[in-house]
Structure formats: C-alpha cells, structure tokens
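Novice: Supplied in structure tokens, the structure appears directly below.
The values are calculated or read from the model by the stated rules, or taken from the named source; none is laboratory data. Worth saying up front: this structure is predicted, and the values here are computed from it rather than measured. When we count neighbours, we look across all protein chains shown, and the Cβ atoms used for this are built from the backbone with ideal geometry, even at glycine.
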Amino acid sequence: MIKAHRHNHFPVMRRASRVYLNDLNSGKKTVLAAFLLLCRNCTQYFIDLFWQRQDFSANTADIDTVHRGRDRFGITTRLAQCLAKQAKETVRSAYQKKKHKPALRSLNVTLYSHF
C-alpha cells in the first residue's frame, strides 16, 4: 500500500488507498480476476438497463432492479446495490457529457462503505 502523506505532523483522513497484488499466488489471482470480471459484467448490465429505461436521475436504483441483477449474476444484494450505484453514476455522467451509452473497458470496482 502506498502512503501518500507519510510525513504529516497532524492526522489526515485517508480517502483511498492503492494495493498492489504482485506477490499474489495463482489461485487467489484467478479468483480475484473472476470476481472483477463478474462485477464488470454486472455493472455493464445495470448500465444497459438504466440506459434502456432512460433513467438518468440521481436516485438510487429501486429494489426490483437490484434483485434483477442479483438473480441474474448470483451475487449478494449488497454487492448488487454497490454495482447499481456505480452504474447509475456512470450513466448519469455519460448522459450529461456525451449523450451516448458508456461501455466499461477496465476492471474497476468501487465498493462503498455504506452498503
């Protein structure tokens, strides 16, 4: 983990941290890669769903939508809520900026502490 502000004399709240997985064994690396791919596919599913519905509001996804993604991908409701929130933010931002549907290319997952 990289500590960006190591020499501060006062306490600083860390908002993000970067973890390098270079020394990961192959079994754990495979499991982690499969999890990230599942999260990306689920987030893209939510993006497609919100774009099809023309739902560009800032409100969180309703529980029926979350359960639809949960049942389709076999994940927990809490993870489905996180991924739906990430998809909702992506769709809203893309609509405001470019007006065309975003496509996820990277394996990024933003996990929120309140879910």
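Novice: Considering only segment 51-62, I want to know if a residue exists there that is part of a helix (DSSP H, G or I), of a type in the set (Asp, Glu), under 24 Å from GLY74 (Cβ atoms) and modelled with pLDDT of 80 or more.
Specialist: The initial filter retains those residues of segment 51-62 that are part of a helix (DSSP H, G or I), namely 51-53.
Filter once more, keeping what is of a type in the set (Asp, Glu): none.
The answer is no, given that none of the residues of segment 51-62 is part of a helix (DSSP H, G or I), of a type in the set (Asp, Glu), under 24 Å from GLY74 (Cβ atoms) and modelled with pLDDT of 80 or more.
Novice: With (1) part of a helix (DSSP H, G or I); (2) hydrophobic (A, V, I, L, M, F, W, C); (3) in contact with a Phe, Trp or Tyr (Cβ under 8 Å, 6 or more places away or on another chain) as the list, and LEU37 as the residue in question, which single condition is left unmet?
Specialist: Of everything listed in (1) part of a helix (DSSP H, G or I); (2) hydrophobic (A, V, I, L, M, F, W, C); (3) in contact with a Phe, Trp or Tyr (Cβ under 8 Å, 6 or more places away or on another chain), LEU37 misses just condition (3).
Novice: Every residue in segment 55-64 that is over 16 Å from the mean Cα position of the chain (by Cα) and either acidic (Asp, Glu) or closer than 12 Å to LEU83 by Cβ (or both), please.
Specialist: Within segment 55-64, ASP55, ASP62, ASP64 meet the criteria.
Novice: Within segment 79-96, count every residue that is over 16 Å from TYR45 (Cα atoms) and at pLDDT 85 or above.
Specialist: The number of residues fulfilling the criteria is 1.
Novice: Can you tell me which residues in segment 68-87 are out of contact with any Ser or Thr (no Cβ under 7 Å at 6 or more places or on another chain) and part of a helix (DSSP H, G or I)?
Specialist: Across segment 68-87, the qualifying residues are ARG68, GLY69, ASP71, ARG72, PHE73, THR77, ARG78, LEU79, ALA80, GLN81, CYS82.
Novice: Now for a separate question. Could you tell me whether LYS88 is closer than 26 Å to ALA16 by Cα and in contact (Cβ under 8 Å) with a residue 40 or more places away in the chain?
Specialist: In short, yes.
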